1. Can you give me the C-alpha center-to-center distance between the range 174-215 and the range 278-345, rounded to a whole angstrom?
2. Taking the Cα-to-Cβ direction at T227 and at D285 and moving 7 Å from each Cα, how far apart do the two end points lie in nm?
3. Please sort by residue number the trypsin sites (Lys or Arg not before Pro) in the range 308-340 whose DSSP state is loop and whose Cβ has at most 12 other Cβ atoms within 10 Å.
4. Take the residue pairs K83/K114; K149/K207; K129/K207; K91/K114; K177/K238 and return only those whose Cα atoms are more than 21 Å apart.
5. Using all Cα-Cα distances in the range 260-399, what percent lands in each 5 angstrom bin from 0 up to the longest?
6. Compute the angle between helix 93-105 and the longest alpha-carbon principal axis of the chain, please, reported from 0 to 90 degrees and rounded to the nearest 10.
7. Ignoring GluC sites (Glu not before Pro) that are buried or in helix or strand per DSSP, and keeping those with at most 16 other beta carbon atoms within 10 Å, what is the longest stretch of the chain between them?
8. Let me spell out the model: positive unit charges on the Cβ of Lys and Arg, negative unit charges on the Cβ of Asp and Glu, origin at the Cα centre of the chain. What dipole size does that give, in debye rounded to 20?
Amino acid sequence: MTDTQTAATLNDVFGRAGTGPLSGVVIADFTRILAGPYCTMLLADMGATVIKVESPAGDDTRTWRPPLRDGEATYYLAVNRNKHSIALDLKDEDDLRVAHEIAARADVLVQNFKPGGLASFRLDYESVKGLNPEVIYASISGFGSKGGKDLPGYDLLVQGMSGLMSITGDQDGSPYKAGIAVFDVMTGMHTGMGILAALHHRTATGKGQHLDLNLMSSALSGLVNQTSAYVAGGVVPKRMGNGHPSLFPYEPLETGDGELIIAAGNDRQFRTLCDALGIPEVPADERFATMNNRNANREELRPILLERLAKRTAREWFEVLRSSGLPCAPIQDIKGGVELAEELGLDPVVNSGSGDRRVPGIRNPVDFSATPVSYDLAPPHVGESSALVRAWLESDPEH
């Protein structure tokens, strides 16, 4: 059977109408909370058939409320569209048999149980590989499967232990976490990228493999210039509020009625800023002529800029600086961010599902010109597709 036929058959069985680039790929999703579900939702948007295996109690985030929409936690709704839920108690032999059948027929299995936690259910990589030799098996944990295998894998813990919180917050204040579970999201994207690479490799070689990911490694990679400062430069970064360790001005600055983000990332942009502020002589001052000098003398430069910025409002300066081509931005709330994306034609809000059950969410950020993503299915209720999945398992695997 061709890939096109496989995709069409799966779409017919599971009610997907899209023709995304991953149509025909079956993903067994044994994940919950955020990193794994975010990864599998992105892949589901791209056409993959994702079977979300939940306990009868459901994904933990179903209870993470408020906020709510029609009695459902918006946290859960954010990362679970386009999936089919089957409720299985892995301690029940009949349910465990169904879990094994799903693993045996899946192209990809993603799980974020504690390292070793699925071995007793014979759903660890080696066991699943015995059932499904070409399977791509992705494991997500907090701190890896070696010395950190017993550490709980919560994003907040990783934000603290990776060093992120040490560089977030006011210079003389307390460490702060990010406003989202940033490393869960980052690890979800890393997992998705790894799965796509492994699918490409399997197409070429016919071989599956085990992908092992953890939040701590994603965190250190995602801290980019800050971890590089230490490992390559021997510098331990510190909190700088909204300041940047290598660029100035590159932060929110006070205007006549509030803050405006100003990003002068090179000498040309700094000259543009000074011209717009009416102080064209400042870039000629040796203390401020180059980025290195501006960094070294930022406390001397700051009051010069603030004196000029105080003469107009943030909105007025935004218009002036924007028209001059200088990167700048107001600081908005989430509502303002969504509305700006709408104004820019980015169409940020999509509705998944149909009929009486249509759930708004944020669109997949990838636009494909030939194989667009789709939003056929609303986030499922617990076990909503149990009968459908069981019927698929009972069908001929080749049809």
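1. 36
2. Going from the T227 label point to the D285 one covers 3.9 nm.
3. Passing sites in the range 308-340 are K311.
4. K83/K114; K149/K207
5. 2, 7, 12, 13, 10, 9, 8, 7, 7, 6, 5, 5, 4, 3, 2, 0
6. In the chain, helix 93-105 runs at an angle near 70 degrees to the longest axis.
7. For GluC sites (Glu not before Pro) (loop position, at most 16 other Cβ atoms within 10 Å), the longest site-free span of the chain is 135-280.
8. Working: 37 positive and 51 negative charges, 127 e Å.
So the magnitude is around 600 debye.
Here, each number is a calculation from the coordinates, and none is a lab measurement. Small disclaimer: the values here were computed from a predicted structure and weren't measured. Positions of Cβ are generated from backbone atoms using ideal geometry, with glycine treated the same way; all protein chains shown enter the neighbour counts.
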